[in-house]
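Read through the structure below, which is laid out as structure tokens, and then see the notes.
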Amino acid sequence: MTEVLLFHHAQGLTPGVHEFADRLRAEGHRVTVPDLFEGATFSTVQSGVDHAESIGFDLILERGAAAAASLPPETVYAGFSLGVMPAQRLLQTREGALAGLFMHSAVPPAYFSPAWPGGVPAQIHVMEGDERGDLDVCKQLEADVPEVEVFRYPGSDHLFTDSSLDVYDAAATEQVLARSLELLSRFA
């Protein structure tokens, strides 16, 4: 069993985020899914981003850190899009982090720490044509950090792993889950 802290995307803690977490749990992993928006959900990515900007990204990062406080340091930090921010911050700054699972985006590492923690792997899952997916950042991370793998999927949808959204891509999500479970199995 691997401990996973999974952060939701800008549309909030949707049924699709819960379903993804349940798929990881079904394979024996312990998955915590905090609500960074305190119950608020949004019908579009932009309205969720607007909400995040109104409450402040610092507050989102603080809520992420608070969610991690009750978990062991030996955790895999995961996030969908906006949720990658607290996940990546914890991976880079919390001693003992096992790995990262970043769906739909990544953040330049220097935003959180001068260096990537040595030996800590991460997977990034993004569609090739996703304008919100920070593909340039993903490619740079892959080039600069040997432990980072970027998996590119055909298409241009952003939150394609959320089964409760119209952009859901079941086939691509199955690949994301299989690759994610392979990474988690390294620590079980």
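Here are a few things to note about the model shown:
- Expected 222 nm ellipticity per residue - DSSP helices of 4 or more, -39500 (n - 2.57), all of the chain, to 500: -11500 deg cm²/dmol
- Considering only the chain, percent of DSSP beta bridges that pair antiparallel, nearest 5: 5
- Between Asp144, Asp130, Asp35, the residue with the greatest mean-square fluctuation in the GNM of the chain (Cα pairs under 10 Å linked by springs) is Asp144.
- Among Ala69, Leu13, Val176 the positive-end extreme of the charge dipole of the chain (Cβ point charges): Ala69
- Taking every alpha-carbon pair under 8 Å whose residues sit at least 6 apart, segment 3-185 reaches a relative contact order of 19 percent.
- Protection proxy ranking, peptides 102-111, 132-141, 52-61, average beta carbon neighbours within 10 Å, highest first: 102-111, 132-141, 52-61
- Taking Thr44, Thr161 and counting other C-beta atoms within 10 Å, the order from fewest to most: Thr44, Thr161
- About the centre of its Cα atoms, the chain shows a dipole size close to 460 debye [charges on the beta carbon of Lys, Arg (+1) and Asp, Glu (-1) only; nearest 20 debye].
Here, each number is a calculation from the coordinates, and none is a lab measurement. Keep in mind it's a predicted model, so treat the numbers as computed, not measured. FYI the Cβ positions are ideal-geometry reconstructions off the backbone, even for glycines, and counts take in every protein chain you see.
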